[in-house]
Amino acid sequence: MTGLLTGLSVFLIVTGIYMIVSHRRYVLDAVILADTSSRAFVPVEEAKTLFDNLARKLEVVAQALVRNDKQKEKLNRLLDQAGERITAEQLVSRQLAGGLIGLLFGGTALIAGSVGVIIAVLFSFYGFMYPKMIIHRKWRTRRRQIGEDLLPFTDVLALMLETGSSLYGGMEKAAKAVGGPLGEDMEAMLKQGQREGFTEALHKMGTRINHPMLDGLITIISQANRYGAGMDVVHALRQFSFALRTHRRHEIDREIQKMGIKILFPIFFFILVPMMAILFAPVLASFGQSGLL
């Protein structure tokens with residue numbers, strides 16, 4: 001019993017240290033990125049695993065499940081926001097594969113009786129929801145990266161327009177210079193604008209990304225496309241860039257203020273309590289052996 005309690009306490013301590021380092025690393029990244037002018041985005045190909053092969057075989061079942069147009073449109077919009085180049089049917093097939101794998105691992109607990117059935121159901125449900133949780137996490141990460149890339153994109157676009165470039169040429173050069181998710185979306189929007197119209201493609205991109213700070217840039221670019229890209233547009237971009245810097249500075253201040261509260265929880269529950277358990281577990285065990293407890 002003492003060994004089990006000690007092992008669990010060590011696990012909780014390691015988990016608490018990881019949570020503290022993660023929060024600290026996030027705040028430091030935010031401070032460093034506040035003065036970063038560009039970011040390189042390198043796509044990484046996913047390795048083909050047993051999970052991918054199982055998900056590919058379940059695509060036929062997923063196509064039978066995803067027949068509602070509203071559901072398919074909602075999943076496709078989520079995938080576009082996360083930057084995933086898969087279809088809604090492929091996402092559902094991954095969920096089915098995750099549910100089967102979770103049921104396989106959870107099924108080993110069936111020897112425990114009715115409790116094992118509950119564990120198997122929980123493992124299966126977690127495996128089913130895990131692919132969608134990954135998509136939501138990628139969407140939040142991509143959305144944060146787009147917010148960080150707005151500032152360098154605005155500065156480069158203002159510089160291009162100031163040197164005499166056209167609005168289309170300046171946006172194309174700024175997108176290539178900044179790169180990242182925002183640069184990719186801007187380049188795709190410019191190509192789509194040649195087919196469907198620039199203003200319509202611009203507003204579709206804003207609806208798809210759904211970032212509050214991007215709306216101001218879209219308004220400036222839309223007005224520049226309608227009335228012409230002159231010095232007033234450059235001035236508006238400079239003012240928008242100043243607003244972005246102020247907003248970024250306030251976000252960093254809020255994260256620094258929240259850091260103490262975020263660290264307090266893992267320190268108390270994952271470090272102090274397990275350390276007290278490790279220190280007093282042998283004492284309590286000796287009291288139990290001596291009959292004092």
| task | Please give the number of the condition ARG137 fails out of (1) farther than 22 Å from ARG85 by Cβ; (2) outside the structural domain of PHE242 (by TED's automatic domain parsing). | result | (1)
| request: Go through PRO282, PRO274, PRO181 for me and flag whichever is under 30 Å from GLU73 (Cα atoms) and touching a residue at least 40 places away in the same chain (Cβ under 8 Å). | output: PRO181
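Just to be sure before I move on: is GLU196 farther than 22 Å from THR246 by Cβ, of a type in the set (Asp, Glu) and surrounded by 15 or more Cβ atoms within 10 Å (Cβ to Cβ) in the structure I sent?
Values: farther than 22 Å from THR246 by Cβ: yes; of a type in the set (Asp, Glu): yes; surrounded by 15 or more Cβ atoms within 10 Å (Cβ to Cβ): no.
In short, no.
One line per residue, one yes/no per condition, for (1) out of contact with any Leu (no Cβ under 7 Å at 6 or more places or on another chain); (2) modelled with pLDDT of 90 or more; (3) within 30 Å of GLY106 (Cβ to Cβ); (4) outside any helix (DSSP H, G or I):
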{"position": "TYR126", "(1), (2), (3), (4)": "yes, no, yes, no"}
{"position": "ARG142", "(1), (2), (3), (4)": "yes, no, no, no"}
{"position": "ILE146", "(1), (2), (3), (4)": "no, no, no, no"}
{"position": "LEU159", "(1), (2), (3), (4)": "yes, no, no, no"}
{"position": "SER165", "(1), (2), (3), (4)": "yes, no, no, yes"}
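For THR207, state whether it is among the hydroxyl-bearing types (Ser, Thr, Tyr) and loosely packed, with under 12 Cβ neighbours inside 10 Å. Spell out the reasoning first.
Values: among the hydroxyl-bearing types (Ser, Thr, Tyr): yes; loosely packed, with under 12 Cβ neighbours inside 10 Å: yes.
Criteria met by THR207.
Looking only at the stretch 243-262, decide whether some residue is under 13 Å from GLU162 (Cβ atoms), touching a residue at least 40 places away in the same chain (Cβ under 8 Å) and part of a helix (DSSP H, G or I). Full working, then the answer.
Keep residues of the stretch 243-262 that are under 13 Å from GLU162 (Cβ atoms), which gives none.
Checked the stretch 243-262: no residue is under 13 Å from GLU162 (Cβ atoms), touching a residue at least 40 places away in the same chain (Cβ under 8 Å) and part of a helix (DSSP H, G or I).
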| task | Would you check if ALA175 is in the same structural domain as PRO212 (by TED's automatic domain parsing), part of a helix (DSSP H, G or I) and touching an Asp or Glu at 6+ places or on another chain (Cβ under 9 Å)? | result | yes
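The values are calculated or read from the model by the stated rules, or taken from the named source; none is laboratory data. From a predicted model like this one, the values you see are computed outputs, not experimental measurements. All Cβ positions, even for glycine, are placed from backbone atoms using ideal geometry, and neighbour counts span all protein chains on display.
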